[in-house]
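Novice: This is the structure I want to talk about, given as structure tokens.
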Amino acid sequence: MATEAKVFEHPKKAFGWAARDSSGVLSPFNFSRRETGEKDVAFKVLYCGICHTDLHMMKNEWGNSIYPLVPGHELAGIVTEVGSKVEKFKVGDKVGVGYMVDSCRSCENCAEDLENYCPQQTVTCGAKYRDGSVTYGGYSDSMVADEHFVIRIPDSLPLDVAGPLLCAGVTVYSPLRHFQLDKPGMNIGVVGLGGLGHMAVKFAKAFGANVTVISTSPSKEKEAIEHLGADSFLVSRDPDQMQAAMGTLNGIIDTVSASHPILPLIGLLKSNGKLVMVGGVAKPLELPVFSLLGGRKLVAGSLIGGIKETQEMIDFAAEHNVTPDIEVVPIDYVNTAMERLEKADVKYRFVIDIGNTLKPSP
Ligand code: NAP
Ligand code: ZN
């Protein structure tokens with residue numbers, strides 16, 4: 001059920017755009033952020049990517065949204081202030097924040113650099129800090145976060161392309177690594193050629209894989225192959241194409257944001273193949289068990305990545321020139337961008353130019 005936020009008044013004024021209810025329409029919103037604590041880094045947000053998760057949350061599709069909701073968890077900007085005990089950052093550094101701003105820091109998951117699986121993991125927007133105050137995301141002028149959850153953006157990486165790596169990038173990088181789908185010569189499938197999907201193609205290619213895109217949009221084929229470097233392209237709604245590719249893939253990253261059949265995808269796997277779900281599909285999917293038994297196949301899930309892995313991912317991306325294809329838009333285009341995202345009409349990630357276009361209301 002959606003809830004209304006108890007509004008905490010902090011000393012620092014902030015300004016952004018928020019959704020007020022499940023219509024999801026965004027409009028200007030004044031709020032406040034906490035003072036920079038001794039372990040905190042404050043930064044001016046210059047760019048913020050638009051992830052489909054923002055859209056799910058704005059429309060309360062997962063049933064737990066808190067309004068007013070300032071979305072945005074692909075933030076990139078410049079440090080403006082650091083607390084007295086901050087060790088990793090200084091004023092002027094290029095930094096970013098992804099989908100998480102806090103975790104308990106003491107559980108088994110946190111101890112293994114898997115803050116993303118901490119039961120107390122706090123997401124960057126539309127959640128509650130442990131003190132009960134609400135997290136407001138990056139469709140806003142400023143951010144304050146504990147330095148542990150702040151990512152250093154490599155010098156060679158422009159800020160506009162850095163944000164999408166912090167959610168879309170790590171969400172596909174992490175399962176490719178963890179499930180050992182990162183070995184050269186492997187056949188890797190990517191389902192859904194959107195923000196996450198196009199990053200999965202790029203990372204899998206950087207790891208040396210043969211990549212097959214599995215898409216509902218035949219119009220994306222030419223570009224997937226000629227521009228993104230995919231090796232082949234299957235239209236998931238074409239049974240003949242799917243049949244011809246049965247039993248060919250070592251692993252699949254499924255990034256689809258809505259209900260869809262997974263039996264045909266399991267059929268594409270070789271024996272011991274792995275289907276990793278990363279899309280935030282709200283409704284249960286049908287999983288015919290017999291399709292797994294023959295071939296000892298695995299269906300798994302994965303959520304973003306830990307902080308250490310996120311830093312490793314962005315350093316790898318900078319070194320191997322793995323960057324998202326972005327369409328930079330002004331803040332007052334954001335509602336149109338959401339309509340286009342809903343129709344899968346973006347190549348491949350919208351990024352809001354916060355620094356140049358978000359102006360405080362008088
Ligand atoms: P996106 O840019 O909208 O891409 C999703 C793609 O899925 C679309 O471009 C489309 O690709 C395909 N698709 C959409 N509707 C479909 C349908 N009804 N049936 C089949 N295919 C469909 O979204 P995104 O930002 O990449 O996010 C994808 C999903 O991952 C969202 O649900 C998001 O919440 C989730 N997510 C999860 C994590 C995590 O940690 N696990 C992190 C970030 C996001 P084609 O046109 O190629 O078919
Ligand atoms: Zn995201």
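The values are calculated or read from the model by the stated rules, or taken from the named source; none is laboratory data. Fair warning: this is a prediction, and the values are worked out from it, not measured in the lab. Here Cβ is always computed from backbone atoms with ideal geometry, including for glycine, and neighbour counts include all displayed protein chains. These accessible areas exclude ligands, DNA and RNA; they are computed on the full protein's heavy atoms, side chains included. Shrake-Rupley method; radii C 1.70, N 1.55, O 1.52, S 1.80 Å.
Novice: Output the number of residues of the range 186-211 satisfying the condition of being touching a residue at least 40 places away in the same chain (Cβ under 8 Å), more than 8 Å from ligand 1 (Cβ to nearest atom) and β-branched (Val, Ile, Thr).
Specialist: 2
Novice: Turning to a different aspect of this structure: Kindly indicate the residue of the range 72-131 that is aliphatic (A, V, I, L, M), more than 16 Å from ligand 2 (Cβ to nearest atom) and within 17 Å of Leu165 (Cα to Cα) and also least open to solvent (accessible area, probe 1.4 Å) among those meeting that condition.
Specialist: Val95
Novice: While we're here: Please find, within the range 248-264, the residue that is surrounded by the fewest Cβ atoms within 10 Å (Cβ to Cβ) out of those that are of a type in the set (A, V, I, L, M) and under 27 Å from Thr53 (Cα atoms).
Specialist: Checking each candidate, the answer is Leu263.
Novice: Can you pull out the residues in the range 32-60 that are open to solvent by 20 Å² or more (accessible area, probe 1.4 Å) and either more than 16 Å from ligand 1 (Cβ to nearest atom) or assigned to a strand (DSSP E or B) (or both)?
Specialist: Result: Arg34, Glu35, Thr36, Gly37, Glu38, Lys39, Lys44, Leu46, Tyr47.
Novice: Considering only residues of the range 132-176 that are assigned to a helix (DSSP H, G or I) and away from ligand 2 (no atom under 16 Å from the Cβ), which is surrounded by the most Cβ atoms within 10 Å (Cβ to Cβ)?
Specialist: Only one residue tops the list, namely Leu176.
Novice: For the range 225-247, which residues satisfy the criterion of being surrounded by fewer than 17 Cβ atoms within 10 Å (Cβ to Cβ) and not charged (D, E, K, R)?
Specialist: Ile225, His227, Gly229, Pro239, Gln241, Gln243, Ala244, Met246, Gly247, listed by residue number.
Novice: Test Phe179 against the criterion of being touching a residue at least 12 places away in the same chain (Cβ under 8 Å), closer than 17 Å to Glu312 by Cα, more than 13 Å from ligand 1 (Cβ to nearest atom) and open to solvent by less than 10 Å² (accessible area, probe 1.4 Å), and give yes or no.
Specialist: Answer is no for this residue.
Novice: Still on this structure: Does Lys202 meet the test of being over 27 Å from Asp54 (Cα atoms) and either buried (at least 24 other Cβ atoms within 10 Å of the Cβ) or out of contact with any helix residue (DSSP H, G or I) (no Cβ under 7 Å at 6 or more places or on another chain) (or both)?
Specialist: So Lys202 does not fit the description; no.
Novice: Suppose we filter the range 224-251 for residues that are hydrophobic (A, V, I, L, M, F, W, C) and under 23 Å from Val346 (Cβ atoms); how many remain?
Specialist: Going through the range 224-251 one residue at a time, the tally reaches 7.
Novice: For Asp325, indicate whether it is away from ligand 1 (no atom under 11 Å from the Cβ), touching a His at 6+ places or on another chain (Cβ under 9 Å) and not polar (S, T, N, Q).
Specialist: Criteria met by Asp325.
Novice: Which one of these is assigned to a helix (DSSP H, G or I) and either in the same structural domain as Val123 (by TED's automatic domain parsing) or open to solvent by 50 Å² or more (accessible area, probe 1.4 Å) (or both): Lys222, Lys270?
Specialist: Result of the check over Lys222, Lys270: Lys222.
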